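Down below is the structure, laid out as structure tokens.
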Amino acid sequence: MDSLDERDELGTIAVEADVLAQSGIELDAMLAELQVALAGEIPADTPRVGWRVLTAQNGAAQTVGAPTDFDGQWWRIGLIRRDQGEGMPHLLELHPTSQRRRPSKKDRAGGLVLRWPAVTRSAPDLDLLGIDIVNAGEERWHPHGDSFTVFAALGEPGAPAPGVSFAYVAGQSPALPLDPGEYARVRVVVDSGQWRDAHPGPCEVHACLVDLGLRGGEPLHVELTERDIHVHQPRKRPLAPPSP
């Protein structure tokens, strides 16, 4: 079975190739088969045929979809809600806008590499870590609705690279085309929650360009101090004043 990074995406949903190749069934037939009811109004360009289950978890359908154009480049996607309470019907919520079919993360990342610049390696600033996204390929690289947002994980020296935790925020850096040899220098974000388990001493910083699932080849080596860990701890929200 291919990995998620090797599957084409509908919006941000990775879908197996054989599912995309299906002819699908009528919307009403799918609703009856899955025992779900439509929630809200149906968007104007929602197709009546071509519906199929896109993703499932533990045997239960999670997302469904159908192409809205002849060549399958735009799709209407729906999410099945199963937390409506005992005795309540499962609901299908249709996304209000069509979602574009995109190449897999692996194909979209083709030619790009992550490189720690000399200024970061020689004097790493944990509040302003910079990394270069380099087009090491032979052709111009074009984005497909991706961002140049890079997150990083803290790891023990020599240990396997940990997973990267991240939370999307407004104002992300949109990806721009890069010719061969060109690069974009961007800020690397370390999620504040990772500092809870950090310890003073040598540490490795592992970067990941999250939209493309692209990881850096070599970690950045840093030395953490007690102060570094203290100032980066997640801030607790102040308690609300008692009601009068």
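The values are calculated or read from the model by the stated rules, or taken from the named source; none is laboratory data. From a predicted model like this one, the values you see are computed outputs, not experimental measurements. Glycine gets a Cβ as well: all are built from the backbone with ideal geometry, and neighbour counts include every protein chain shown. Quick note on the areas: whole protein, heavy atoms, side chains included, nothing else; ligands and nucleic acids left out. Shrake-Rupley method; radii C 1.70, N 1.55, O 1.52, S 1.80 Å.
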Query raised in the report: For the range 1-113, list the helices (runs of 4 or more DSSP H) that sit wholly inside it and hold at least 2 residues that are within 29 Å of Thr149 (Cβ to Cβ), over 17 Å from the mean Cα position of the chain (by Cα) and of a type outside the set (Gly, Ala, Ser); which are they?
Result: 17-20
Report summary line: Checked Val53, Val113, Val49 against criteria (of a type outside the set (Lys, Arg), under 30 Å from Gly181 (Cβ atoms) and modelled with pLDDT of 95 or more); the one match is Val113
Report task. Report the residue count in the range 22-50 for those that are out of contact with any Gly (no Cβ under 9 Å at 6 or more places or on another chain), closer than 14 Å to Trp75 by Cβ and open to solvent by 40 Å² or more (accessible area, probe 1.4 Å). Result -> 1
Query raised in the report: Is it the case that Ser104 is without any contact (Cβ under 8 Å) to a residue 24 or more places away in the chain and of a type in the set (Ser, Thr, Tyr)?
Result: no
